[in-house]
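Scroll down for the structure; my scribbles are underneath it.
Throughout, read-outs are computed from the coordinates displayed, never taken from laboratory work. Being a predicted model, the structure only gives us computed values, none of them experimental. Neighbour counts run over all protein chains shown; Cβ positions are idealised from the backbone, glycine included.
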Amino acid sequence: MSKWIERQTFKGLKPTDLYFKNFRGENRFNPKDKRPTFAIKLDPVLAETLEKAGWYVRWTKVREDAPEDVEPIPYLKVTANMEGKRPPQVNMIIGKKVTSLDKDTIATLDGAAIERMTVKIRPYLWDESGKYGAAAMLDGMNVYIEPDDLEDELRQYMEDEDEDDDESAPF
């Protein structure tokens, strides 16, 4: 495996491209590991390319009772080290409002109505028990959220209030 693996950027990811959203960082297999995780569904050709480059690509298991034409789906598990020396920049975008998320607020993405995402990952090289590869660590992410009617109504109300305040100002 090469010691140099390129960073990857995935643009325009849709909610159907996301698996196993766990932005809360709840880990039933390792309760001490509280890092947020999610997985990105990959195209099989891209998955093979990433595997050859050294990325640790996983494949879903096909149930025994599944139809014969069902194929395993490749995905890349992404981990966000929000408490590291250089945590990833995570932005939640609703309409024109951008909110930066940190270790205390990233969990809001678990229940969010995600419209699309851009995800930038960097490799974390590991070598354990003769096996090696590159795990995907979150480097940055923009998450576009579908605004709901109540938020739009509130935003419009707040904008109207701001305009009224400007008109009554004596200067």
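Extending 7 Å from Cα along the Cβ direction at Asp33 and again at Phe20 yields two label points whose distance is 0.9 nm.
One equal scatterer on each Cα of the range 13-171, no solvent, Debye formula: the resulting log10 I(q)/I(0) at q = 0.08, 0.13, 0.20 Å⁻¹ is -0.34, -0.74, -1.35. Each of Lys103, Lys34, Lys11 has some number of other Cβ atoms within 10 Å of its Cβ, and from fewest to most they run Lys11, Lys34, Lys103. The amide H of Leu42, built 1.01 Å from its N in the peptide plane, has Tyr75, Leu76 as neighbours under 5 Å, considering only residues 5 or more places off or on other chains.
Work through the residues other than Arg35 whose Cβ is under 15 Å from its Cβ and net out their charges, Lys, Arg +1 and Asp, Glu -1.
Charge balance in the 15 Å sphere: +3.
Could you tell me the distance between the Cα centroids of the range 57-97 and the range 100-133, to the nearest Å? If you average the Cα positions of each part, the centres end up 8 Å apart.
Work out, step by step, the length gained on full extension between Arg86 and Thr49: first 0.36 nm times the residue separation, then minus their alpha carbon distance; give nm to one decimal.
Working: separation 37, 0.36 × 37 = 13.32 nm, distance 2.81 nm.
Roughly 10.5 nm would be gained on extension.
Taking the charge dipole of the range 8-168 about its Cα centre, with +1 at Lys and Arg Cβ atoms and -1 at Asp and Glu Cβ atoms, the residue from Ile106, Tyr75, Pro147 reaching farthest to the positive side is Tyr75.
Return the FRET efficiency for the residue pair Glu68, Asp148: r is the Cβ-Cβ distance, R0 is 45 Å, and the value is rounded to the nearest 0.05. My answer for the efficiency is 0.60. Applying a threshold of 19 Å to the alpha-carbon distances of Lys52/Lys85; Lys21/Lys120; Lys21/Lys97; Lys77/Lys97 flags Lys52/Lys85; Lys21/Lys97; Lys77/Lys97 as lying beyond it. Across the range 77-139, Cα pairs under 8 Å and at least six residues apart give a relative contact order of 37 percent. Ordered by the number of other Cβ atoms lying within 10 Å of each residue's own Cβ, fewest first, Arg122, Arg63 fall into the sequence Arg63, Arg122.
Taking a label point 7 Å from the Cα of Tyr132 along the Cα→Cβ vector, which residues of the range 49-76 have an amide N closer than 19 Å to it? Answer for the range 49-76: 50-57. Around the Cα centre of the range 8-168, unit charges on the Cβ atoms of Lys, Arg, Asp and Glu (plus for the first two, minus for the last two) sum to a dipole of about 1780 debye.
Beta-bridge orientation, the chain: approximately 80 percent antiparallel, per DSSP, counting only bridges with both partners inside.
Entry note, the chain: relative contact order of 25 percent, from Cα contacts under 8 Å with a spacing of 6+ residues.
Taking Cα atoms, how many degrees apart are the long axis of helix 44-53 and the longest axis of the chain, rounded to 10 and kept between 0 and 90? Helix 44-53 sits roughly 70 degrees off the main axis of the chain.
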